[in-house]
Amino acid sequence: MPLNERDRIEILMMIGVGDRMRTQQEVCRLFHEMHPDREPVSQSTVSRIERKYRELGHVRDAPRQGRPKINENVQQDVILSALENPHCTVRQVSRDLNIGKSSVSNIFKKVKYHPYRVRLIHELAEDDFDRRTEFCEYMMDHNNQNNGFIANILFSDEATFFLNGHVNRQNTRYWSQENPHWMQEYHTQHPQKVNVWAVP
């Protein structure tokens, strides 16, 4: 158990002054006799306490270094920013409130706000369901006729760039404590777009 300020002052009193000073070994033994249920102090600890008092005139803890704590008003401003605009980014809130991005992220994490992604769904025409069934039957028939049919299909990764400014779900978030099940429906299955493929 670390020594608090009161313990350090007690050790200074045990050391004494003038011709009534005790040795470090005597101080350690006396402290242990007075506090048998605590962990014994070492001679180096007694030496540090005495040296600190001679150099600084006190045995208080030094002020902690690091960033100052964010007050409650700033935390409320961050939360209000997300409530007023759930699509805001950490960068936007950081810039608007003039605080660090890590502080904004920590506040969101503290209040259990999560950046949910938008779920993109296709607008389905009336005959699309039959087309899906026909495609599945087509693939199953070909796989039954040729066991290596699936293995001959080249699967790749791709990225789609829409020319009409359509939402990019990688960069769009919705800050909320609960999943809003945010969906956006395509009004056409044939928008102007460019696909880029990458084959591993």
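The values are calculated or read from the model by the stated rules, or taken from the named source; none is laboratory data. Keep in mind the model is a prediction, meaning the values are calculated, not measured. Every residue, glycine as well, gets a Cβ built from its backbone with ideal geometry; the counts of neighbours run over all protein chains shown. Accessible surface areas use protein heavy atoms only, side chains included; no ligands, DNA or RNA. Shrake-Rupley method; radii C 1.70, N 1.55, O 1.52, S 1.80 Å.
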Taking the Cα centre of segment 4-76 as origin and charging only Cβ (+1 Lys, Arg; -1 Asp, Glu), how large is the dipole, in debye to the nearest 20?
320 debye
³J(HN,Hα) across segment 128-136 via Karplus (A = 6.51, B = -1.76, C = 1.60, θ = phi - 60°), whole Hz, x for Gly/Pro?
5, 5, 5, 5, 5, 5, 5, 5, 4
Given charges at Cβ of Lys, Arg, Asp, Glu: segment 1-78 dipole, positive-most of Phe31, Gly16, Asn73
Gly16
What are the ³J(HN,Hα) couplings of segment 19-24, residue after residue, when phi is run through the Karplus curve with 6.51, -1.76, 1.60 and θ = phi - 60°? Round to Hz, x for glycine and proline.
8, 10, 7, 8, 6, 4
Cβ-derived FRET efficiency at R0 41 Å, Val74 paired with Phe155, nearest 0.05
0.25
Remind me, relative contact order of segment 1-103 in percent, using alpha carbon pairs under 8 angstrom and six or more residues apart?
18 percent
Leaving ligands, DNA and RNA out of it, work out the accessible area of Val74 with a 1.4 Å probe and give it in Å² to the nearest 10.
40 Å²
Could you give the length gained by full extension between Glu84 and Glu5, i.e. 0.36 nm per residue of separation minus their alpha carbon distance, to one decimal place?
23.7 nm
Calculate the tail of P(r) for segment 37-101: the fraction of all Cα-Cα distances greater than 16 Å, expressed in %.
66 percent
Coordinate range along principal axes, alpha carbons of segment 1-120, Å, largest first:
81, 30, 20
Rounded to the nearest 0.05, what FRET efficiency is calculated for Asn146 and Asn179 with R0 set to 30 Å and r the Cβ-Cβ distance?
0.10
Using a Förster distance of 30 Å, the FRET efficiency for Arg60-Ile99 (Cβ separation, nearest 0.05):
0.50
Probe radius 1.4 Å, ligands and nucleic acids left out: which of Asp157, Asp141, Asp19 has the largest accessible area, and how do the rest follow?
Asp19, Asp157, Asp141
Using label points projected 7 Å from each Cα along Cα→Cβ, tell me how many nm separate Arg20 and Ser47, to one decimal.
2.7 nm
Using amide H atoms built in the peptide plane, which far-off residues or other-chain residues are under 5 Å from Ser176 H to H?
His114, Tyr116
Contour minus end-to-end for Lys112 and Lys193, with contour as 0.36 nm per residue of separation and end-to-end as the Cα-Cα distance?
25.5 nm
